[in-house]
Amino acid sequence: MSDAVIPPPLGPDDLGPDTSPVAYEVGGPADAVAYVTLNRPEYRNAQNSVMTYSLDAAFRKAVDDKSVKVIVLRANGKHFSAGHDIGTPERDVETYYENAAVLHWDHTGKSGADQRLARETEVYLGMCRRWRDIPKPMIAAVHGACIAGGLMLAWVCDFIVASDDAFFSDPVARMGIPGVEYFAHAYVLGPRRAKEILFTGERFTATQAAEWGMVNHVVERDGLAGKVNSIAEKIVEMPMQGLFLSKKAVNICEDQMGMRNAMDSVFGWHHFAHSANAESSGGDSLGGMDTKSMKSAAAGSGS
């Protein structure tokens, strides 16, 4: 573990336009849009728990604000998100945080598989499910890299608008793990595309993502904010009840098609993989991979 001082998560009252690791401001069409910004650009917006809980505070603030009708999730820096934090000085896997998404025991008092399961049930699967159910429309504005855990953040949103420089991948099969914890792959990509991106670990472009139905719109980088605001402008004219119930209806349909149950099942296999890795490699649940080796492997694949 690093000796770096890990700052506490931001609460709703701590958030502002320049705060890190998450920034927050309200504006846009009719001053009815909450802009929630990933603001850890020096680490390509890798998600540690501080970012996760700060995001949750931002979303709670937007939900509680009666003037807000649309939430936009975006990012500062060159990339949307490089995924889960597996190597920065502020990696905080052993730090205690009060659970917000699920009722479960404290992971810091556990070890091995029990620790991993307790933490990931809360900060990955539980948080993403919590955010998917936010009763206000959410738009993800994605540019640059959207890798692994970054996909989870984009997928919980109702729309994804991507710049033409955006690229996506879920390369964690290189770790012997079947995709990220919020396993929506077969639903947002279709089964065959999902298998292709998992089996190869290769990147796919914003244009491909749009062709496959994962992304709503692809625009030039300079036009990303404008396109998102043009969509938000139309949404804010709608009654809040109609927006909430429409979102609820579509989410119910996804769950009736099995998405939630499928996630539960795959989450179990995900943790089998962590445990199998740890058993065969002296406790390393990531199968010997880190940020450098993952990046090197991706470059070597020709992606």
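Bear in mind that the values in this text are calculations on the coordinates, not laboratory data. All values reported here derive from a predicted model rather than from experimental measurement. Virtual Cβ from ideal backbone geometry, glycine too; neighbours counted across all protein chains shown.
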Just to confirm the filter: which trypsin sites (Lys or Arg not before Pro) across the stretch 44-92 are DSSP coil and have at most 14 other Cβ within 10 angstrom of their Cβ? Lys66, Lys78
Inter-probe distance in nm under a simple model that places probes 7 Å from Cα toward Cβ, at Ser293 and Glu233: 5.0
Within the stretch 90-193, report the chymotrypsin sites (Phe, Trp or Tyr not before Pro) that DSSP leaves as loop and that have at most 16 other Cβ atoms within 10 Å. Tyr96, Trp105
Looking only at GluC sites (Glu not before Pro) in DSSP loops with at most 11 other Cβ atoms within 10 Å, what is the longest site-free stretch of the chain? 99-219
For the stretch 154-170, in order, what is each residue's ³J(HN,Hα) by Karplus, 6.51 cos²θ - 1.76 cosθ + 1.60 with θ = phi - 60°, in whole Hz (x at glycine and Pro)? 5, 5, 6, 7, 7, 10, 10, 10, 10, 7, 6, 9, 6, 9, 10, 6, 10
Between Leu151, Leu103, Leu55, where does the largest GNM mean-square fluctuation fall for the chain, given springs only between Cα atoms within less than 10 Å? Leu103
Tell me, what ³J(HN,Hα) does each residue in the stretch 206-221 have, in order and in whole Hz, if you take phi through Karplus 6.51 cos²θ - 1.76 cosθ + 1.60 with θ = phi - 60° and put x for Gly and Pro? 4, 5, 4, 4, 5, 4, 8, x, 7, 10, 7, 9, 10, 9, 4, 3
Quick query: amide H of Val219 versus all other amide H atoms, modeled in the peptide plane; which residues come in under 5 Å with a sequence gap of 5 or more or a different chain? Ala162, Ser163, Asp164
For Leu245 and Thr207, what is the calculated FRET efficiency with R₀ set at 30 Å and r taken between the beta-carbons, to the nearest 0.05? 0.35
Length gain on complete extension for the stretch Asn76 to Arg60, per 0.36 nm per residue less the alpha carbon to alpha carbon distance? 3.7 nm
